[in-house]
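All remarks here apply to the structure that follows.
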Amino acid sequence: MKYLKELEITRKAAGEAAKIIREFAANESFNVELKRKNDLVTDADLASENKILEIIKNEFPEDHFLAEESNTHSELPDGRVWIIDPIDGTTNFSHGFPPFCVSIGFWENKEPKVGLVLEVANDEWFWAVEGEGAWLGEERITISKTTDPSKSLIGTGFPYSQFELVDPYLKVLKNLMQKTHGIRRAGSAAYDLCCVASGRLDAFYEYGLNPWDIAAGMVIIKEAGGVYTDWTGEQNHLFGKRIITGNPALCKFLESELRACFDEEELKG
């Protein structure tokens, strides 16, 4: 398997990070700070990120790193890049409310190659390697075949900082409530993408996302047979802060619904 070593190191790093996160959770001894409004960071985020970076850098010292708590990149570097979120769902974690995930993606030449999302509370390991399919543990997973919006379950994330977009977002929610089986919000985009990849959700959309929220999940989505775009149907999703993902039919449906409620500037960000 190509990228086998990268996968093995990703598993090791995620497992060690999860041990740290569980220790903090068990002791309830972590500090919570605000990076900006409603954007939290805890001691567990910092400690787990340091451990992930230590393990991966020990094996691949020349690679680039794009990690949530220590990132200095505003675009994806060329070559080999590790994109890391030590705890996706920090607000969930700080309240003892699952899911919260370790998310590690490996990209090469700006293409997704390896992705692993470990949902820590339930010890669910979602992973994928380019050309090898998508997996939950030892079970292969695929996206939903549901193409009828009226039979679909849609995932999203609620606004937590860009409150000027709340009104059009609520319009989308109102419309989707009437046109689908329902809307779900887990509080971790990495987990949401894995739910799409495994068919638990039929599609997903959100804005306000960063590369480390979705980089690993995008590998898993792709290998599970799904597609992803930004809100205009283009491919500016990794740094564009807006994503739609699922099967092609439901992605087109969501793009249409978003266009009906947001103006062009809001769609592009």
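Quick notes
- Helix 248-261 axis, angle to the chain major axis (alpha carbon atoms, nearest 10°): 70
- Pairs beyond 25 Å (Cα-Cα), from 145/222; 110/222; 2/145: 2/145
- Semi-axes of the equivalent ellipsoid for the chain, computed as √(5λ) from the eigenvalues of its C-alpha gyration tensor and ordered from largest down, come to 28, 21, 18 Å.
- Looking at segment 141-233, the trypsin sites (Lys or Arg not before Pro) that sit in a DSSP loop and have at most 11 other Cβ atoms within 10 Å of their own Cβ are 145.
- In degrees, nearest ten, helix 4-27 long axis to first principal axis of the chain (Cα): 90
- Charge-dipole axis of the chain as Lys and Arg at +1 and Asp and Glu at -1 on Cβ define it, positive-most pick from 221, 87, 76: 221
- Accessible-area composition of the chain, carbon plus sulfur, in percent [1.4 Å probe]: 48
- The GluC sites (Glu not before Pro) found in segment 192-246 that occupy coil by DSSP, while having at most 16 further C-beta atoms within 10 Å, are 234.
- Local net charge near residue 247, Cβ-Cβ under 10 Å (Lys/Arg +1, Asp/Glu -1): +1
- Relative contact order (%) - criterion: Cα under 8 Å, at least six apart; region: segment 104-196: 22
- Here the Kirkwood formula puts the hydrodynamic radius of segment 163-260 at 13.4 Å, using every distinct Cα pair.
- Taking a straight line from the alpha carbon of residue 268, these lysines sit under 20 Å away, with near neighbours fewer than eight places off in the same chain left out: 171, 241, 252.
The values are calculated or read from the model by the stated rules, or taken from the named source; none is laboratory data. These figures come from a predicted structure and were not determined experimentally. Cβ atoms come from the backbone with ideal geometry, glycine included; neighbour counts cover every protein chain shown. Accessible surface is based on the protein model in full, side chains and every heavy atom, while ligands, DNA and RNA are left aside. Shrake-Rupley method; radii C 1.70, N 1.55, O 1.52, S 1.80 Å.
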